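Q: Got a structure here, written out as structure tokens. Questions coming.
The values are calculated or read from the model by the stated rules, or taken from the named source; none is laboratory data. What you are looking at is a predicted structure, and each value in this text was computed from that prediction instead of being measured. A quick note on method: Cβ atoms are made from the backbone with ideal geometry, for glycine too, and the neighbour counts reach across all protein chains shown.
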Amino acid sequence: MSEEQDPWVEIFRAEDKRQIRDASLVLLAVKVAHRVDMNATATPWSLMVPSAEQARAHHELTSYWQENSRPLPTQVQVPFADSGWFGVLGFLAVIWAVPALQGFSDSPLIEAGVLHSESVRQGEWWRAVTALTLHGGLEHILSNSLFGSLFGFFVARYLGSGVGWLAILGCAAVANLFNALIHPDAFRALGASTANFAALGLAPTLLWRKGAFRQHDWRRSAAPLFAAIAMLAFTGFGSERVDVGGHVFGFIAGVCAGLRLSHIDFSAISRERQQQCGIVAFGLVALSWVLAL
């Protein structure tokens with residue numbers, strides 16, 4: 001169709017070239033034919049479209065401007081509950097206590113506390129807790145110390161060291177119980193990695209549900225959760241000796257806890273209550289070992 005048959009009409013005029021460029025990109029995205037003209041008037045930039053496309057171009061530009069004129073959702077500043085370091089030190093003290101007492105190899109504590117499916121089915125639930133404090137060697141405990149301190153630090157920062165690590169312990173114990181119940185009787189597992197992945201799932205889920213990334217679109221707002229899933233995929237799977245079930249169930253338990261706990265203002269919890277929760281966490285570990293021995 002010739003230009004005489006379908007004349008070009010001005011759809012938008014602006015002095016700022018960036019406004020014209022943005023409008024041009026909108027029309028380009030929806031495949032509306034257009035061109036940019038420079039006028040000799042005080043307003044030099046004009047966006048031109050064929051008259052047949054005028055209605056559609058006007059609709060697309062109006063929709064774009066209306067959408068982008070809406071105020072961005074207010075970002076929620078999630079306050080810290082404490083420094084997080086007290087919880088990390090407590091975690092390290094617990095998992096290093098057993099090797100400090102009896103080492104790694106041929107320790108009678110391993111047989112007494114390892115997660116053993118048959119024993120769990122017979123009622124020895126405490127193995128879901130004691131197994132978290134046992135490790136198969138120096139490399140194993142060093143790895144769990146590093147990742148547990150990193151992931152648990154962020155949980156403790158936002159939930160508090162006492163509440164945070166009690167939540168991690170609860171998630172890990174539940175995950176270990178479920179892991180033992182779905183495996184054959186001969187299944188055995190140990191290590192703090194289940195707790196580590198519970199912490200990995202808990203912190204970003206909590207922040208996401210509290211609206212810490214609400215000012216972004218849904219892809220960016222959920223990015224921390226996607227990053228946690230990517231971390232699970234990268235570090236939670238490996239050789240045949242890796243307890244994949246424990247990692248996955250721990251992560252899922254952490255995500256569920258983050259969803260359930262997101263309505264609580266943890267910064268309002270007193271230091272005394274945080275200390276009480278920390279004592280409960282230590283007490284649960286101690287009770288489990290008393291029952292195991």
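Q: Quick one: in the stretch 136-194, of everything that is assigned to a loop (DSSP other than H, G, I, E, B) and of a type outside the set (A, V, I, L, M), which residue is nearest to Phe80 (Cα to Cα)?
A: The qualifying residue nearest to Phe80 (Cα to Cα) is Gly160.
Q: Okay, next question. Inspect all residues belonging to the stretch 113-134 and state whether any of them is over 19 Å from Leu287 (Cβ atoms) and part of a loop (DSSP other than H, G, I, E, B).
A: No: the stretch 113-134 contains no residue that is over 19 Å from Leu287 (Cβ atoms) and part of a loop (DSSP other than H, G, I, E, B).
Q: Surrounded by 12 or more Cβ atoms within 10 Å (Cβ to Cβ), in a helix (DSSP H, G or I) and modelled with pLDDT under 90 - does that describe any residue in the stretch 65-83?
A: The answer is yes; a qualifying residue exists.
Q: What residue, of Val114, Val174, Val129, is of a type in the set (Val, Ile, Thr) and in contact with a strand residue (DSSP E or B) (Cβ under 9 Å, 6 or more places away or on another chain)?
A: Only one candidate qualifies: Val114.
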